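A quick write-up on the structure given underneath.
The values are calculated or read from the model by the stated rules, or taken from the named source; none is laboratory data. On a predicted model such as this, the values are computed, not experimentally measured, just so you know. Positions of Cβ are backbone-derived with ideal geometry, glycine not excepted, and every protein chain shown enters the neighbour counts.
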Amino acid sequence: VSCPHSSITFTGKEVEKEILTAAQHVREAVSIPVIAKLSPQLTSPLSMVHALKDIGINGVTIFNRITGLDIDIEAEQPIMHRGYAGHGGPWAIMYPLRWISAIAPQVNIDISASGGVSSADDVIKYLLAGATTVQVCTAVYMNGYEIVQELVKGLTQFMERKGYQCIDDFRGKVCSRILGTTEIERRHVVVAQINKKIAPCKAACPIDQSAQAYVSLIAEGRFEEALKLVKQENPLPAICGRVCHHPCEAECTRGLIDQPLSIAALKRFLADYEMRMGVSPIQSVKLDKEDKIAVVGSGPAGLSAAYFLTQRGYPVTIFEAASMLGGMLKMSIPAYRLPKDIVDKEIDSILNLGIEVKKGVRIGQDLSLDALRKDGFKAIFLAIGAHKSQKLGVPGEDAEGVLDGLEFLRSINLGQDVKIGQRVAVIGGGDTAIDSVRSAIRLGAKEVYLVYRRTKDEMPARAEEVREAEEEGVRILYLVAPVEISAPNGKVESIRCVNLYLAQPDGSRRRKPVVVEGTEFSLKVDTVISAIGQVPDLAELVKDSDLKITGKGLLHVDADTLMTNIEGVFAGGDVVTGPATVVEAIGAGKRVAEKIDLYLQGKEMKIPEESPLVVDKKEVWRRFNDVQELDRQGLRFIPLSERRTSFKEVTIGYTEDEALREAKRCLACGCAIGCGICKKVCIYFAIDQTGDGFQVDPEKCDGCGFCVERCPNECISMIKRP
């Protein structure tokens, strides 16, 4: 007994009554099994099946073939798909699935599914919904009988993968999870909750900056909004955009497709835009807290802490030993990487929040920690950095012509007359070493060597800095170490070196350099610059205090509170970790500011930090597997001849067109600005932007669950309404 294919046109009780009457006549006339073929477009397919079961019908076929029409707009002709309109193509599976899943648990009757089968997955869907058999007539019509073998093969592979012995092991398995509005009224009982999965770029950032969010705003030309978002987490974007080691780029999902996004360059673009256009997203703050806070040191950690504490309303005073603010930013990083006027502008934007500054004051020598407390400071943050260079530990290092890397760079930045020879060797592999060799080139040295005891892969300096140094003429000697500086007349004449190899990893998982016997050689040089690392200079600070020092010569702090062993005295940055990067120092200052705020409010500081949920890059890549490959927007540089002879900034920032082009490469793969599908689809306007992400207003949420279905990262769940 077959319901007409055009039954969607004839729905209603009358057509259902006619089907029942016809089925009953057939049932009474024959003794063989009778199957009724029903369209899910009937008014109530479930009621029809119940009625058919009652009159003795043995089985039903639930099919979907809606009479339809398509039109070719170019030919201006109706389209008849393979000979007839409205065939049961892949789109046709949804209605039968819905009604089979409702009928199977309630009526003990054989069900044959029909409509929309084009792959083994469709067959499996029907069986999971409770179908007894699956018809494949349209699939055969469209593809030939060979498709039957493909369907059987796919079904078999599914069962083997899942460990099913027979179809009944999984037939109807999903039925219990499918509920209609007649069975449950979900709305007003549950509410959506966003369990944020962040993009890999944010997870890798030491300051938790959502690059996805501000990059997405750049792509839309909303530069001031993007800048405001950046400065919520980072008070020094112009500096970071130039010298950050950008771990975010190493984790960028786009790198799985072509090349990572140029995130640092985009941050610099925003900061340069701010300075060029004279806009300022930093709002004036009201210093309404009574507790005064002292920040000792004006490097990136100290500036960061002062910024975030002021944002919380605390009066802050910065104490700086030098005559200028900025610490390593002003003293050690060369102007060709970080122009000093850029540093000054960013520092001024922080000080303009109402921060007091006292220069030329050494804590421990000019003023003690006790004196600060007596002066009314309720909390003290020690952010003095690591400015003391380590010794080479080889004979001859006290000879004339052997320079300290930090002092060398400091003298250049202070505009002093720095004398070096024509042949220079720099020992080390970090930023100070790379900055020293490139500065030596600019001071006129004819031959400049970088001597590093490990391989290029282990070098701490940024890869782009190493590449640019080689472009400027620096020769890098890997797996080489100095053993003696030759200075027969008290002045450097050469440096004796030895080749090394890397042994198997030790307990620290690092491969230790080992001397290759019989490989000594000499480099004829007249200047040697030592840049093998720095440690904090704590002699004055600890002289009259009980501050606890670690075995590595660093300040000891509680890992949870970031407080030293002295009540109310906190520490962070290089003085705690040893030499790190600028962005890591900014992150340290930000975290200390949070702890000081909790401390002064008398709240618990040992709050467990939850590991962030991060999107699966491979899953994202699968979603974007058809995305067009786009070349990364390259950076431009001043001519090489200029680079070798001046300290003019080497890298040229993006133009607006370049920034827009690069920003549009972002996949917006995390739960943040740039995605926002949940906000776009919510018909109750219950989802709003907060910071770099989104939040559900439970008072507006109607519990429909549409956002749950649309979220590409499965970040949203339905929970019981509070």
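Only residues that are free of Cβ contacts under 8 Å to residues at least 60 places away in the same chain and of a type in the set (A, V, I, L, M): list them for the range 329-349, please. Of everything in the range 329-349, just one residue is free of Cβ contacts under 8 Å to residues at least 60 places away in the same chain and of a type in the set (A, V, I, L, M), namely ILE347.
Would you check if VAL483 is in contact with a Lys or Arg (Cβ under 6 Å, 6 or more places away or on another chain) and on the phi < 0 side of the Ramachandran plot? Give the steps one after another, and end with the answer.
Details: in contact with a Lys or Arg (Cβ under 6 Å, 6 or more places away or on another chain): yes; on the phi < 0 side of the Ramachandran plot: yes.
Considered against the rule, which asks whether it is in contact with a Lys or Arg (Cβ under 6 Å, 6 or more places away or on another chain) and on the phi < 0 side of the Ramachandran plot, VAL483 comes out as yes.
Among the residues of the range 621-632, at least one is surrounded by 13 or more Cβ atoms within 10 Å (Cβ to Cβ), more than 26 Å from VAL190 (Cβ to Cβ) and at pLDDT 90 or above.
Looking at the range 346-357, which of its residues are charged (D, E, K, R) and either within 14 Å of GLY299 (Cα to Cα) or within 30 Å of the chain's Cα centre (by Cα) (or both)? Steps first, please.
Let us first name the residues in the range 346-357 that are charged (D, E, K, R), namely 346, 348, 356.
Hits for the range 346-357 are GLU346, ASP348.
Give me the helices (runs of 4 or more DSSP H) completely within the range 364-461, filtered to those with at least 1 residues that are more than 26 Å from TYR336 (Cα to Cα) and modelled with pLDDT of 95 or more, ordered by residue number. Full working, then the answer.
Working: elements: 369-374, 405-413, 431-442.
The qualifying helices (runs of 4 or more DSSP H) are 369-374.
Just so you know, in the range 587-613 the residues that are of a type in the set (A, V, I, L, M, F, W, C) and touching a residue at least 60 places away in the same chain (Cβ under 8 Å) include one that is farthest from CYS240 (Cα to Cα), and it is LEU600. Name every residue in the range 168-199 that is at pLDDT below 95 and not in a loop (DSSP other than H, G, I, E, B), in order of residue number. Within the range 168-199, CYS175, SER176, ARG177, VAL190, VAL191, ALA192, GLN193, ILE194, LYS197, ILE198 meet the criteria.
For ARG268, indicate whether it is over 30 Å from GLY376 (Cα atoms) and touching a Ser or Thr at 6+ places or on another chain (Cβ under 8 Å). The answer is no for ARG268.
Can LYS491 be described as of a type in the set (Lys, Arg) and outside the structural domain of LEU450 (by TED's automatic domain parsing)? No: the conditions fail for LYS491.
Residues that are among the aliphatic types (A, V, I, L, M) and either surrounded by fewer than 19 Cβ atoms within 10 Å (Cβ to Cβ) or assigned to a helix (DSSP H, G or I) (or both) within the range 336-363 comprise ILE342, VAL343, ILE347, ILE350, LEU351, LEU353, VAL357, VAL361, listed in sequence order. With respect to PHE269, determine if the residue is in contact with a strand residue (DSSP E or B) (Cβ under 8 Å, 6 or more places away or on another chain) and surrounded by 15 or more Cβ atoms within 10 Å (Cβ to Cβ). For PHE269, the condition - in contact with a strand residue (DSSP E or B) (Cβ under 8 Å, 6 or more places away or on another chain) and surrounded by 15 or more Cβ atoms within 10 Å (Cβ to Cβ) - is not met. Residues in the range 615-636 that are touching a residue at least 24 places away in the same chain (Cβ under 8 Å) and touching a strand residue (DSSP E or B) at 6+ places or on another chain (Cβ under 6 Å): VAL615, LEU635. Here the condition is being surrounded by fewer than 18 Cβ atoms within 10 Å (Cβ to Cβ), in the same structural domain as LEU227 (by TED's automatic domain parsing), within 19 Å of ALA211 (Cα to Cα) and modelled with pLDDT of 95 or more; of ARG665, ARG661, ARG636, ARG644, it holds for ARG661 alone.
Considering only residues in the range 195-233 that are over 26 Å from PRO300 (Cα atoms) and among the small types (Gly, Ala, Ser), the one that is farthest from the chain's Cα centre (by Cα) turns out to be GLY221.
The residues of the range 53-94 that are part of a loop (DSSP other than H, G, I, E, B), of a type in the set (Val, Ile, Thr) and at pLDDT 75 or above, listed by number, are ILE55, ILE57, ILE73. Quick check on my filter: what residues within the range 700-722 are touching a residue at least 60 places away in the same chain (Cβ under 8 Å) and either polar (S, T, N, Q) or under 15 Å from ILE687 (Cα atoms) (or both)? Within the range 700-722, CYS701, ASP702, GLY703, CYS704, GLY705, CYS707, VAL708, ASN713, CYS715, ILE716, SER717, MET718 meet the criteria. Answer yes or no as to whether ILE218 is touching a helix residue (DSSP H, G or I) at 6+ places or on another chain (Cβ under 6 Å), within 14 Å of LEU266 (Cα to Cα) and modelled with pLDDT of 95 or more. Taking the combined requirement at face value, the residue satisfies it.
Inspection of the range 647-654 identifies at least one residue that is surrounded by 13 or more Cβ atoms within 10 Å (Cβ to Cβ), within 19 Å of GLN212 (Cβ to Cβ) and of a type in the set (Ser, Thr, Tyr). Residues in the range 699-722 that are surrounded by 15 or more Cβ atoms within 10 Å (Cβ to Cβ) and farther than 19 Å from VAL614 by Cβ: CYS701, ASP702, GLY703, CYS704, GLY705, PHE706, CYS707, VAL708, MET718. Taken together, GLN149, GLN106 contain a single residue that is under 23 Å from SER39 (Cα atoms), assigned by TED's automatic domain parsing to the domain that holds VAL49 and polar (S, T, N, Q), which is GLN106. For the range 500-549, a residue qualifies if it is among the aromatic types (Phe, Trp, Tyr) and closer than 23 Å to ALA399 by Cα, and exactly one does: PHE521.
When the range 260-315 is limited to residues that are in a helix (DSSP H, G or I) and among the hydroxyl-bearing types (Ser, Thr, Tyr), the one that is farthest from THR655 (Cα to Cα) turns out to be THR310. Of the helices (runs of 4 or more DSSP H) that lie entirely inside the range 548-630, those containing 2 or more residues that are under 15 Å from LEU309 (Cβ atoms) and β-branched (Val, Ile, Thr) span 582-600. Filtering the range 683-693 for residues that are assigned to a loop (DSSP other than H, G, I, E, B), modelled with pLDDT of 90 or more and buried (at least 17 other Cβ atoms within 10 Å of the Cβ) leaves a non-empty set.
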